[in-house]
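Chemist: Can you keep this structure in mind? I'll have questions shortly.
The values are calculated or read from the model by the stated rules, or taken from the named source; none is laboratory data. The structure presented is a predicted model; accordingly, all values stated were derived computationally and were not measured. As a convention, Cβ positions derive from the backbone with ideal geometry for all residues, glycine included, and neighbour counts pool all protein chains shown. For the accessible areas, the whole protein counts, side chains as well, though only heavy atoms, and no ligand, DNA or RNA atoms are used. Shrake-Rupley method; radii C 1.70, N 1.55, O 1.52, S 1.80 Å.
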Amino acid sequence: MAPRPFWKGYLKLSLVSCPVAMIPATSETERVRFHTLNRKTGNRIRSQYIDAVTSAPLEDDDGAKGFARGENDYLVLEDEELDAVQLETTRTIDIDVFVPSDEVGWIWYDKPHYLMPDGAVGEEAFGVIRDAMSATGTVGIAKLVLYQRERAVLVKPRDAGMVVWTLRFGDEVRDPSMYFPDSNTDATPDLRKLIGQLIQKRTGNWDPDMVRDPVQERLLDIIASKRKGRPRRAAPKAPEPASNVVNIMDALRRSLAGSRS
């Protein structure tokens, strides 16, 4: 069963708008999760907020958001004051600029979400905007309130729908020139040729199994064994670390020989 949309609103381009719905494009619901238990009783342990000074338990209605003005000095903000700063972008993806799709580097991409029309009434407008971006090779940049902050988002056509990527803030992206300084070290032609042959030998098609989680699979196997009362299998022995490679050329030749065999 398809998950329910976690956001509904409008996609807007100038005077054209249409109702849309959005769901996260990724999921962590299948990840194995554990509860913290009291080993003696087998009961779950419950977390509880307490006052940092008096150690008294906090009642549900006593919690408030505070902004630190100094050490142990906080300015309390009421829910009504926080609601007052909500923006129009809470429910509207208003595309105000388009950029070539290849100009936005991968490092700016944060979280993907699938965007689709919310009902038949908006399908035509949605399709026109999507197809126009595909034809021009562009993506839309807009503002949207998600995860309690207004964020820049990138709207990108994808198959019969669109993908909305939240974009990282400017101060979150580090300048690569600080970590990748110019280097005058050039590999010799023979080394480049051998590396090229090794890459060619190992080139294949993308498969989602390439990013499967073996730790998750082992956890599920342990859980299944314990449910059936079977003894737990011993953990596989970790491989010995490889020794340092001294001669790159010899290592590449041995790698190619192993690929052929």
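Chemist: Run the accessible area of the chain with a 1.4 Å probe and give the carbon-and-sulfur part as a rounded percent. Mind dumping the intermediate values first?
Modeler: Working: 11210 of 21430 Å².
It is 52 percent, rounded to a whole number.
Chemist: When the dipole is taken about the Cα centre of the chain, and only Lys, Arg (+1) and Asp, Glu (-1) are charged at their Cβ, what size is it in debye, to the nearest 20?
Modeler: Dipole about the Cα centre, nearest 20: 2400 debye.
Chemist: Work out the charge dipole of the chain with +1 on the Cβ of Lys and Arg and -1 on the Cβ of Asp and Glu about the Cα centre, then indicate which of Trp206, Leu77, Trp7 is farthest towards its positive end.
Modeler: Trp206
Chemist: Okay, next question. Beyond 32 Å between alpha-carbons counts as too far, so tell me which of Lys8/Lys65; Lys65/Lys111; Lys201/Lys228; Lys40/Lys65; Lys156/Lys201 fall in that bin.
Modeler: Values: Lys8/Lys65 27 Å; Lys65/Lys111 26 Å; Lys201/Lys228 44 Å; Lys40/Lys65 37 Å; Lys156/Lys201 34 Å.
As for pairs spanning more than 32 Å Cα to Cα, those are Lys201/Lys228; Lys40/Lys65; Lys156/Lys201.
Chemist: I'd like the FRET efficiency for Val104 and Arg212, computed as 1/(1 + (r/R0)^6) with the beta carbon distance as r and R0 of 51 Å, rounded to 0.05. Mind showing how you got there, number by number?
Modeler: On the way: r = 29 Å, r/R0 = 0.56.
Using R0 = 51 Å, I get an efficiency of 0.95.
Chemist: Calculate the FRET efficiency for Ser55 and Arg4 from the Cβ-Cβ distance with a Förster distance of 45 Å, rounded to the nearest 0.05.
Modeler: Working from the Cβ atoms, E equals 0.65.
Chemist: On average, how much accessible surface per residue is there in the chain, in Å², for a 1.4 Å probe, leaving out ligands, DNA and RNA?
Modeler: With all protein chains present, the chain gives 82 Å² per residue.
Chemist: If Arg91, Arg33, Arg130 are ordered by their accessible area, calculated over protein heavy atoms with a 1.4 Å probe, which sequence runs from highest to lowest? Walk me through the numbers on the way to the answer.
Modeler: Values: Arg91 120, Arg33 150, Arg130 40 Å².
Accessible-area ranking of Arg91, Arg33, Arg130, largest first: Arg33, Arg91, Arg130.
Chemist: Normalising by the residue count of the chain, find the relative contact order in percent from Cα pairs under 8 Å and 6+ residues apart. Don't skip to the end; give the middle numbers.
Modeler: On the way: 285 pairs, mean separation 43.7, N = 261.
Here the relative contact order equals 17 percent.
Chemist: Simple spin-label model, 7 Å along Cα-to-Cβ: Ile222 to Asn205 in nm?
Modeler: About 3.6 nm, to one decimal.
Chemist: Still on this structure, please answer the following. Where does each of Leu115, Leu194, Leu37, Leu219 land when they are ordered by accessible area, with a 1.4 Å probe and the largest first? Spell out each step's value before the answer.
Modeler: Details: Leu115 5, Leu194 25, Leu37 90, Leu219 50 Å².
Largest accessible area first, the residues go Leu37, Leu219, Leu194, Leu115.
Chemist: Which one, [x] 13.2; [y] 14.0; [z] 26.4, gives mean projected area of the Cα convex hull in nm² as derived from the coordinates shown?
Modeler: Read-out taken from this structure: [z].
Chemist: Of the options Phe34, Thr54, Phe67, report the single residue whose Cα projects farthest towards the positive end of the charge dipole of the chain (beta-carbon charges: Lys, Arg +1; Asp, Glu -1).
Modeler: So the residue furthest toward the plus end is Phe34.
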